[in-house]
Amino acid sequence: MARLQEHREKLNLTQKELSNISGISIRTIQRIESGVPPKGYTLKTLAKTLAINENDLLEEKEVTEQIDYTLLNIINLSSLLVSFIPIINFLTPLTIAILKKQYNLQTKQIINIQVLWTILFLVILALGTFINAGNLIRDFFITILFLLILANLFIILRNSIEINKNKKLYFSLKIRIL
């Protein structure tokens, strides 16, 4: 059963009633209940109308595979050893996830964070390389790169703690790269 349908039925609403209250067309509600995930305005409006979190409408219907949280933590921590090396820092968890067939929403989030970090790191590195304005600017870019590495270490460790405690990620992205 789709998440929207569950929440709608908890409130004893028909599709037509939900449509009238939210201003979202019945056809759109039917599509969402058949499995098409809501986006943008529709997602925000339905979540507000049903007084729920937007993520409650986006969760996977049913998890067919069990998540191995120990393996998920290993995938997360695999970036730790190479966190200062762009590209390898996301290839390591990606490789482990594929080899161990542990490619679920949380694993994708871990890899997405590392891909985003790699992009940021490479952009800052490129800017620092191409801008030749003296030692002060060079030192500034080196400091930024160092802070990016520290931020990545913090994200990896904080996610690891959250996986162990609550079986979820502390940091996740709203956007999906993978």
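The values are calculated or read from the model by the stated rules, or taken from the named source; none is laboratory data. Note that the structure is a prediction, hence the values are computed from the model and not measured. Every residue, glycine as well, gets a Cβ built from its backbone with ideal geometry; the counts of neighbours run over all protein chains shown.
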Next item on the list: Determine if the range 113-132 includes at least one residue that is polar (S, T, N, Q), within 20 Å of Ile161 (Cβ to Cβ) and under 20 Å from the mean Cα position of the chain (by Cα).
Entry: yes
Next item on the list: Take Gln66 and decide whether it is within 30 Å of Arg31 (Cβ to Cβ) and without any contact (Cβ under 8 Å) to a residue 24 or more places away in the chain.
Entry: yes
Check: Between a first residue in the range 79-94 that is touching a residue at least 24 places away in the same chain (Cβ under 8 Å) and small (Gly, Ala, Ser) and a second residue that is surrounded by fewer than 20 Cβ atoms within 10 Å (Cβ to Cβ) and outside any loop (DSSP other than H, G, I, E, B), which pairs have beta carbons less than 8 Å apart while being 6 or more apart in sequence or on different chains?
Finding: Ser83/Ile149; Ser83/Leu153
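Please find, among Leu46, Leu94, Leu99, Leu122, the residue that is at pLDDT 90 or above, more than 24 Å from His7 (Cα to Cα) and buried (at least 17 other Cβ atoms within 10 Å of the Cβ). Even if it seems obvious, please write down each step before you answer.
Details: Leu46 fails: more than 24 Å from His7 (Cα to Cα); Leu99 fails: buried (at least 17 other Cβ atoms within 10 Å of the Cβ); Leu122 fails: buried (at least 17 other Cβ atoms within 10 Å of the Cβ).
Of Leu46, Leu94, Leu99, Leu122, the one residue that is at pLDDT 90 or above, more than 24 Å from His7 (Cα to Cα) and buried (at least 17 other Cβ atoms within 10 Å of the Cβ) is Leu94.
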Notebook entry, point to check: Within the bounds of the range 154-170, is there any residue that is surrounded by fewer than 17 Cβ atoms within 10 Å (Cβ to Cβ), within 19 Å of the chain's Cα centre (by Cα), assigned to a helix (DSSP H, G or I) and of a type in the set (S, T, N, Q)?
Noted result: yes
Notebook entry, point to check: Considering only residues of the range 123-150 that are free of Cβ contacts under 8 Å to residues at least 12 places away in the same chain and of a type in the set (A, V, I, L, M), which is nearest to Leu72 (Cα to Cα)?
Noted result: Leu150
Check: What about Ile32, is it in contact with a Pro (Cβ under 6 Å, 6 or more places away or on another chain) and either surrounded by 14 or more Cβ atoms within 10 Å (Cβ to Cβ) or farther than 25 Å from Ile175 by Cβ (or both)?
Finding: yes
